[in-house]
Amino acid sequence: MQRDDASDLLAFLAVARERSFTRAAAKLGMTQSALSQIIRNLEERIGVRLLNRTTRSVTPTQAGERLFLSIGPRFSEMDAELAALGELREKPAGTIRLTATEYAAGEILLPALAKILPKYPDVHVEVIIDYGLTNIVAQQVDAGIRPGELVAKDMIAVRVSPDLRMAVVGSPSYFTERKRPKTPQELTNHNCLNLRLPTHGGSLYAWEFEKNGRELNVRVEGQLVFNSAGLLLAGALKGLGLAYLTESHAQPYIAKGQLVRVLADWCPPFSGYHLYYPSRRQPTPAFSLLIEALRYRAR
């Protein structure tokens with residue numbers, strides 16, 4: 001590959017990622033007209049259109065999307081390899097991009113970062129809250145944190161939490177005039193706090209239960225819908241309905257009598273959270289530092 005080819009491909013990646021010639025040109029430090037000419041020359045050289053251009057948007061064509069998904073990860077790997085040379089530095093440095101659920105970011109990631117970031121001021125971390133199983137290769141993200149059963153087999157997975165359980169909880173005031181449900185089916189008689197997940201097509205999250213090998217997914221109903229697990233907890237504490245939360249999230253409030261737990265026998269443990277990343281990725285010193293800070297060690 002000629003030097004000009006590499007430069008042109010990097011220019012194409014910038015436009016495809018930003019979906020804008022203006023933003024891509026600003027990041028590359030060149031004029032928009034110069035960038036447009038580079039893309040036109042590249043398209044003429046390979047004989048296929050890579051980008052659809054309108055007055056409002058720029059989107060990859062089918063060929064452009066294929067090229068983006070093919071070469072993007074390879075350039076990222078080269079960047080990672082170059083960053084790995086930072087082992088020669090006295091201290092780890094660089095930016096790490098992570099995707100995590102809101103719970104994992106707050107309860108698992110932040111405590112680990114609090115231990116290492118003050119000691120390594122040249123390490124920077126960007127956290128993207130996402131409830132779906134992000135394609136970290138296509139999205140140019142270094143790693144993700146998700147429950148173990150969701151991690152693809154071709155990924156390296158590092159356990160970062162113990163096994164977890166879910167909990168259905170409500171405030172004592174909520175149960176003043178309502179009977180406590182004894183089976184998941186009885187939730188239809190209750191005002192439940194729903195969670196809408198944009199990364200799952202905007203659908204409401206189904207509450208998952210299991211007992212004696214019997215699995216149930218219940219679509220609950222209620223007056224309130226949130227897109228944040230933190231607001232589910234706040235709503236339950238105010239007596240606005242039942243919430244479906246991780247046990248560790250709810251336990252401090254259960255212990256203080258601020259929340260009452262129900263259906264505990266229908267909520268068995270499930271695989272804890274794992275940090276996952278591509279097996280061919282060469283960890284930088286900063287990323288290796290994060291792995292060790294997150295790694296779960298059973299006491």
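Which members of the stretch 51-67 meet the condition of being β-branched (Val, Ile, Thr) and more than 12 Å from VAL15 (Cα to Cα)?
Passing the criteria: THR54, THR55, THR61.
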Please enumerate the residues belonging to the stretch 197-227 that are assigned to a strand (DSSP E or B), farther than 18 Å from PHE270 by Cα and not aromatic (Phe, Trp, Tyr). LEU197, SER203, LEU204, VAL225
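Restricting to the stretch 266-299, name every residue that is among the charged types (D, E, K, R) and either outside the structural domain of GLY148 (by TED's automatic domain parsing) or within 18 Å of ALA114 (Cβ to Cβ) (or both). Lay out the reasoning, then the answer.
Step one: of the stretch 266-299, the residues among the charged types (D, E, K, R) are 280-281, 292, 295, 297, 299.
Passing the criteria: GLU292, ARG295, ARG297, ARG299.
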Cβ contacts < 9 Å: first residue aromatic (Phe, Trp, Tyr), restricted to the stretch 278-289; second residue surrounded by 14 or more Cβ atoms within 10 Å (Cβ to Cβ) and at pLDDT 75 or above, any location; separation 6+ or different chain. Result? PHE287/PRO92; PHE287/GLY94; PHE287/ILE96; PHE287/ASP142; PHE287/ALA143; PHE287/TYR277
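Here's the yes/no breakdown for (1) part of a helix (DSSP H, G or I); (2) touching a strand residue (DSSP E or B) at 6+ places or on another chain (Cβ under 9 Å); (3) modelled with pLDDT of 85 or more:
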position	(1), (2), (3)
THR59	no, yes, yes
GLY64	yes, yes, no
PHE68	yes, yes, no
ILE71	yes, no, no
SER76	yes, no, no
LEU82	yes, no, no
GLY86	yes, yes, no
Tabulated pairs, the stretch 36-63, first assigned by TED's automatic domain parsing to the domain that holds ALA16, second among the basic types (Lys, Arg), C-beta under 8 angstrom, 6+ apart or interchain: GLU43/ARG49; SER57/ARG19; VAL58/ARG19; THR59/ARG19; THR61/ARG49; ALA63/ARG49
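Can you tell which of LEU259, LEU294 is within 20 Å of the chain's Cα centre (by Cα), surrounded by 14 or more Cβ atoms within 10 Å (Cβ to Cβ) and within 22 Å of TYR103 (Cβ to Cβ)?
Unique residue meeting the criteria: LEU294.
Can you tell which of LEU28, LEU35 is touching a helix residue (DSSP H, G or I) at 6+ places or on another chain (Cβ under 8 Å), crowded, with 17+ Cβ neighbours inside 10 Å, modelled with pLDDT of 85 or more and within 23 Å of GLN139 (Cβ to Cβ)?
Details: LEU28 fails: modelled with pLDDT of 85 or more.
Within the list LEU28, LEU35, the selection yields LEU35.
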Check whether at least one residue in the stretch 228-248 is touching a residue at least 12 places away in the same chain (Cβ under 8 Å), surrounded by 14 or more Cβ atoms within 10 Å (Cβ to Cβ), among the basic types (Lys, Arg) and outside any strand (DSSP E or B), and report yes or no. no
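The values are calculated or read from the model by the stated rules, or taken from the named source; none is laboratory data. Only a predicted model underlies this, so the values are computations on that prediction, with no experimental measurement involved. A quick note on method: Cβ atoms are made from the backbone with ideal geometry, for glycine too, and the neighbour counts reach across all protein chains shown.
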